[in-house]
Amino acid sequence: MKRALIVDDSRTMRMILTKYLRALGFEIKQAGNGLEGLKALEEMEWADVALVDWNMPGMNGIEFVHSVRAQEKYSELRIMMVTSETDVERMLQALEAGADEYVMKPFTQEIIQDKLSLLGLAA
Amino acid sequence: MSITKQDFNFVRDVVRSRSAILLDDNKGYLVEMRLSALAQKEGIDDVQTLISTVRDKGNISLRELMVEAMTTNETSFFRDRHPFDAMRDTILPELIEKRAATRSLKIWCGAASTGQEPYSLAILLRDSLPHPSLWDSKIIATDISPEVLGKAERGLYTQHEVGRGLPAAMLVKHFKRTGLEWEVKDELKAMVDYRRFNLVEPWMGLPKFDIIFMRNVLIYFDTDVKKQILTNALKYLAPDGYLFLGGSETLLGLGLDYHRVNLGPVSAYCPGA
């Protein structure tokens, strides 16, 4: 089974993404900010993909991406930003930090599936 | 209220005579859906009234809009992905090497629709060419519908449209924000030449192509028309060129002078048996 980590401070957003990803055969773990996300990754041992919001209290999404990409053990982890930040500069910043894909809110189930497909994680 | 058999037959006959596209008997829902949208747009009460206005009152402009509504397809960037992977990994590197002396590559996109397919091809071509500005590279993108060609030429897409199938790295490289929408950058627009073209009318004004994309359009035609289109395409395809069809379309059994080439999960067709 594929594993995903959802890092978002909105409980509603975590629920929506969980529903979409479960339908695609993923096992899910959730975290409410970047720090919790790093802890969750340690506990999970491995994950295929992390879906990460940008603006969160504590550690934000871009700090989470930098921290994950600094650790060799997570080199296989794919990172997909899922955020309401829709400026080109923000997208470039995320990609340069090491995010693999970028989804702008609001999104649909089709978009999440398409983006996971680009990462080789969905049909 | 679903469409009557009599109304469906009338629409099918009009669409067939005007575009040679054949609507199967089970496409009643499609007629209903597409013509409901048209009726609403034109301020007509319902589909039945729209059809009777065309049939009984001979409204020609409405008839053309009806044909257009029935021949437009939904699409997305890099739709079905595998043909584009084959283009990036195999076809373009091979043809770029072969054409290094002439520095010329021409692609025909035969069902341009709202532009996602031609721009996907333009992105691949631009990102594959060693020095794009030194090449005469062009995508001729044709469609029967002037309305969709207008949208394609503008190159403006919603957040939802660019979210479908387009990698983020390509979005930031080849598009710019224009208000709430995303606009194809000028250098990419300049690579695509949009033209209205009816595949069942005489073919004129087309150059020789290295690659022809004619995906998900032949399914609408009967066998004789399909054979005619594909025979015409042979005349416009370079001897070492490639023809791509939709995933559910095949040349098998048509007795045409093409051979199939396997490219991983997809196939293309080359001239010669």
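A single entry from B:Leu171, B:Leu149 fulfils the requirement of being within 20 Å of B:Pro132 (Cα to Cα), in contact with a strand residue (DSSP E or B) (Cβ under 9 Å, 6 or more places away or on another chain) and assigned to a helix (DSSP H, G or I): B:Leu171. A Cβ distance below 6 Å, combined with a sequence gap of six or more or placement on separate chains, defines the contacts here; from region B:229-244, residues that are in contact (Cβ under 8 Å) with a residue 60 or more places away in the chain and open to solvent by less than 10 Å² (accessible area, probe 1.4 Å) reach residues that are in a strand (DSSP E or B) and aromatic (Phe, Trp, Tyr) in the pairs B:Phe244/B:Phe213.
Residue check: B:Thr4 meets all listed conditions (1) surrounded by 12 or more Cβ atoms within 10 Å (Cβ to Cβ); (2) among the hydroxyl-bearing types (Ser, Thr, Tyr); (3) over 24 Å from B:Lys226 (Cβ atoms); (4) modelled with pLDDT under 80 but one, namely (4). The residue that is farthest from B:Asn216 (Cα to Cα), among those in region B:80-121 that are within 14 Å of chain A (Cβ to nearest Cβ) and at pLDDT 90 or above, is B:Arg88. The C-beta contact set for region A:97-123 (first residue at positive phi and touching a residue at least 40 places away in the same chain (Cβ under 8 Å), second residue open to solvent by 20 Å² or more (accessible area, probe 1.4 Å) and not small (Gly, Ala, Ser), distance under 8 angstrom, 6+ apart or interchain) is empty. Taken over region A:26-39, residues that are closer than 8 Å to A:Val7 by Cβ and part of a helix (DSSP H, G or I) amount to 3. Anything in region B:8-49 that is open to solvent by less than 40 Å² (accessible area, probe 1.4 Å) and under 24 Å from B:Val225 (Cβ atoms)? List them, or say none. Within region B:8-49, B:Phe8, B:Val11, B:Val14, B:Val15, B:Ser19, B:Ala20, B:Ile21, B:Leu23, B:Gly28, B:Leu30, B:Val31, B:Leu35 meet the criteria. Only residues that are facing chain A (nearest Cβ under 10 Å), open to solvent by 30 Å² or more (accessible area, probe 1.4 Å) and among the hydrophobic types (A, V, I, L, M, F, W, C) were counted across region B:136-169, and they come to 1.
Looking only at region A:13-23, decide whether some residue is more than 25 Å from B:Glu161 (Cα to Cα), more than 14 Å from chain B (Cβ to nearest Cβ) and among the hydrophobic types (A, V, I, L, M, F, W, C). No - not one qualifying residue is present in region A:13-23.
Residues are listed down the side, and each one gets a yes or a no for (1) open to solvent by less than 20 Å² (accessible area, probe 1.4 Å); (2) under 23 Å from B:Pro93 (Cα atoms); (3) within 18 Å of the chain's Cα centre (by Cα); (4) in contact (Cβ under 8 Å) with a residue 24 or more places away in the chain:
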| position | (1), (2), (3), (4) |
| --- | --- |
| B:Leu171 | yes, yes, no, no |
| B:Asp186 | no, no, no, no |
| B:Arg196 | no, no, yes, yes |
| B:Trp203 | no, no, yes, yes |
| B:Leu206 | no, no, yes, yes |
| B:Phe213 | yes, yes, yes, yes |
| B:Tyr220 | no, no, yes, yes |
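For region B:132-146, residues that are of a type in the set (A, V, I, L, M, F, W, C) and part of a strand (DSSP E or B) total 3. Applying the criterion of at least 3 residues that are away from every other protein chain (no Cβ under 11 Å) to the helices (runs of 4 or more DSSP H) found wholly in region A:47-118 leaves A:61-69.
The values are calculated or read from the model by the stated rules, or taken from the named source; none is laboratory data. Because the structure is a prediction, the values reported are computed rather than measured. As a convention, Cβ positions derive from the backbone with ideal geometry for all residues, glycine included, and neighbour counts pool all protein chains shown. Remember, those area values only see protein heavy atoms, side chains included, never the ligands or the DNA or RNA. Shrake-Rupley method; radii C 1.70, N 1.55, O 1.52, S 1.80 Å.
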